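Q: Below are the structure tokens for one structure; questions will follow.
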Amino acid sequence: MGKKNKKVEPQHVPSKRQLSKWQRQAKIRKFILIGTAVFLAGITGYISHGYYNDNIKPLKQTVIEVNDASFTMEYYVNTLEIYIRNSQPDQVYYMANMAANQIIQDELIRQGASALGIDISHQEVAERIKENNLPDEDIYQDMVTTSLLRENLQQYFASQLPDKMEQVHAQVMLVESQKVADDVISKIESGGNFTALLDEFSCYHITEGDLGWLPQEFMPSSLIGDAVFSTDSGKVSKIEDGPIMKNIGYWLIEITDKDEEKGIKPRAMLLGSKQEADEIKDQLNDDNFAELSDEHSQYHGGEDGGELGWLKQGDMNSEAFDEVALNLPLAEISEPVKDKSAQTSGGYWIINVLERGEHDIEDIEERLINNEFLEWFTEQEESSIIDNYLNEEEKLWAINRITKVASG
């Protein structure tokens, strides 16, 4: 059998018009693809740029400089994160300032120690980090380095101290007036027991009694120090201290009106000692209470002239005042009313110098070392160029970043 001829379909040849149309469509698709790619690249770049500006770039900026040392926001954030981790929620904003100050202080110590030839090896740092189970990261390495330097600095300052120094062994007490001071000094010189007299006459319980052996720099105040070191051994002296606040006062009270419902209407003045109260009472007459009150009273809760308005029991927060005022007849001025709940200024220090001379420093060595360190650090700080560029917005940014990471 002969083969049948296969029918061949004629090929369709596009016209020039169709070709032109297809070419235009292809170009449009190409432009769309390119435009889409460019748009997507732009969006991605914008997002990436925004993320960089919001999250990466701030970490790279310098926020603290101490002489030639610079610290970035990232370093500050890492330091702050350690502080926040070990603090209460209501302390977070306080820690933001504390972390910045600590970075500055630690760098000053590192630089100052280096100037003294005091260095810490990498091995010492590594051992301390391992000993305390700390992360082996830059921030912890710096913290451990500073801690070790502090220890070495204390040893350095200890080595500079003498075995003995000029000291005085003294007893002190504050009494309310010159008259009381003279009375107490007379009793001491007659063999009276200082401790027993202290219980009876002292009106300042922050500094009192036996101070032990102390150099002048460790005296409770420069006033006491000057007096102690200018008094011979075995001598008792007194010195006035005008500004000091003591825990005692004396009222002079007069009731100008009474009412069953309103209570009493007093006028009063608060004075610093019984001696002063007696002197003022002797000067009082019908016309000068207001004048003397304005001039001498240390109570500032009332009106001019010592007028207190209508009062009932408890309004003055003083049992001593109430006990007298509520039972005082009209127009009668009270005797001086002693009030240990009141605070008034002024008094006299009694200083009893027991011994003086060169004395060993064993009992005060730690205080001397701390004092030397503080003086050294203050000099280091004052001679340095310190710039803290952190503002409130940046500190808030750091806090938010830390809390966001912690919660995420």
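Q: For the range 52-142, list the helices (runs of 4 or more DSSP H) that sit wholly inside it and hold at least 2 residues that are more than 28 Å from the chain's Cα centre (by Cα); which are they?
A: 57-60, 92-115, 122-131
Q: Okay, next question. Of the numbered conditions (1) surrounded by fewer than 12 Cβ atoms within 10 Å (Cβ to Cβ); (2) modelled with pLDDT under 90, Gln91 satisfies every one except a single condition; which is it?
A: For Gln91, the failing item is (1).
Q: May I pose another question? Which condition number does Leu330 fail, the rest of (1) under 22 Å from the mean Cα position of the chain (by Cα); (2) farther than 25 Å from Met98 by Cβ; (3) of a type outside the set (Gly, Ala, Ser) being met?
A: (1)
Q: Here's a follow-up. Cβ-Cβ below 7 Å, separation at least six or inter-chain, first residue in the range 325-345 and without any contact (Cβ under 8 Å) to a residue 24 or more places away in the chain and not assigned by TED's automatic domain parsing to the domain that holds Ile264, second surrounded by 15 or more Cβ atoms within 10 Å (Cβ to Cβ) and in a strand (DSSP E or B): which pairs?
A: Nothing qualifies.
Q: In this structure, does Ala268 turn out to be of a type outside the set (S, T, N, Q), crowded, with 18+ Cβ neighbours inside 10 Å and part of a strand (DSSP E or B)?
A: So Ala268 passes the test.
Q: Do the conditions hold for Leu292, that is, is it in contact with a Gly (Cβ under 7 Å, 6 or more places away or on another chain) and either within 30 Å of Val175 (Cβ to Cβ) or assigned to a loop (DSSP other than H, G, I, E, B) (or both)?
A: no
Q: Can you go through Ser147, Ser190 and tell me which one is farther than 30 Å from Ser114 by Cα and of a type outside the set (Phe, Trp, Tyr)?
A: Of the residues listed, the single one that is farther than 30 Å from Ser114 by Cα and of a type outside the set (Phe, Trp, Tyr) is Ser190.
Q: Report those helices (runs of 4 or more DSSP H) wholly inside the range 305-408 carrying at least 3 residues which are over 30 Å from Gly209 (Cα atoms) and touching a helix residue (DSSP H, G or I) at 6+ places or on another chain (Cβ under 9 Å).
A: 365-382, 392-407
Q: Which residues, taken from the range 97-124, are touching a Phe, Trp or Tyr at 6+ places or on another chain (Cβ under 7 Å) and over 30 Å from Glu394 (Cβ atoms)?
A: Correct list: Leu116, Ile118.
Q: Can you name the number of the only condition in (1) assigned by TED's automatic domain parsing to the domain that holds Ile239; (2) over 17 Å from Gly209 (Cα atoms) that Tyr156 fails?
A: (1)
Q: Next up: So which residues in the range 366-392 are exposed (fewer than 14 other Cβ atoms within 10 Å of the Cβ), modelled with pLDDT of 95 or more and of a type in the set (D, E, K, R)?
A: Glu366, Glu375, Glu379, Glu382, Asp387
The values are calculated or read from the model by the stated rules, or taken from the named source; none is laboratory data. What you see is a predicted model; the values in this text were computed from it and never measured. When we count neighbours, we look across all protein chains shown, and the Cβ atoms used for this are built from the backbone with ideal geometry, even at glycine.
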